[in-house]
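Have a look at the structure below, then the notes.
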Amino acid sequence: MNDFQSRISNATALAATFACGFLAAAAAGAQVRTKGVTGGLESSTEFTSLPAIPGGSLNVKECGDCPSLRLEFRADTRYFIGDEPVSYAELRQAADDGVHGLLVSYRLGTRDLTRLRLSAPGN
């Protein structure tokens, strides 16, 4: 191998090394975890007392011995029974009919209540 071919070979190896390093750094950057902006918990109507009207705050906890979490109702809070969107009055009426699972979603930073989902009858 002559001197020119040796330099080309070394330059190619160096370029390949830089490319691998760049790709490794990019892959590491792609795996950076981001902080969530929403939170959620699984509760039930047994551990949550729903107010008569959607206003003020809601105290909810996951179990009888778990600490409660205070969440604030917002005008844009959404309500569901199963996958069906409902009014708060409909959700509240269904919740009064026995113990049901309750999925609660909220914004972590403000603790604004974003969604209440009551388990569908029979689930």
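Filtering region 39-82 to residues that are part of a loop (DSSP other than H, G, I, E, B) and among the hydroxyl-bearing types (Ser, Thr, Tyr) leaves THR45, THR48, SER49, SER68, THR77. Entry remark, region 103-120: residues being buried (at least 16 other Cβ atoms within 10 Å of the Cβ) and of a type in the set (A, V, I, L, M) number 4 in total. If you go through region 53-102 and keep only what is aliphatic (A, V, I, L, M) and surrounded by 15 or more Cβ atoms within 10 Å (Cβ to Cβ), you end up with LEU58, VAL60, LEU69, LEU71, ILE81, VAL86, LEU91, ALA94, ALA95, LEU102.
Taking region 76-94, which residues are within 20 Å of the chain's Cα centre (by Cα) and of a type in the set (Gly, Ala, Ser)? Listed by number, the list holds a single entry, GLY82.
None of the figures in this text is laboratory data; all of them are computed from the coordinates on show. Model, not experiment: these values are computed from the prediction. All Cβ positions, glycine included, derive from the backbone under ideal geometry; neighbour counts span all protein chains shown.
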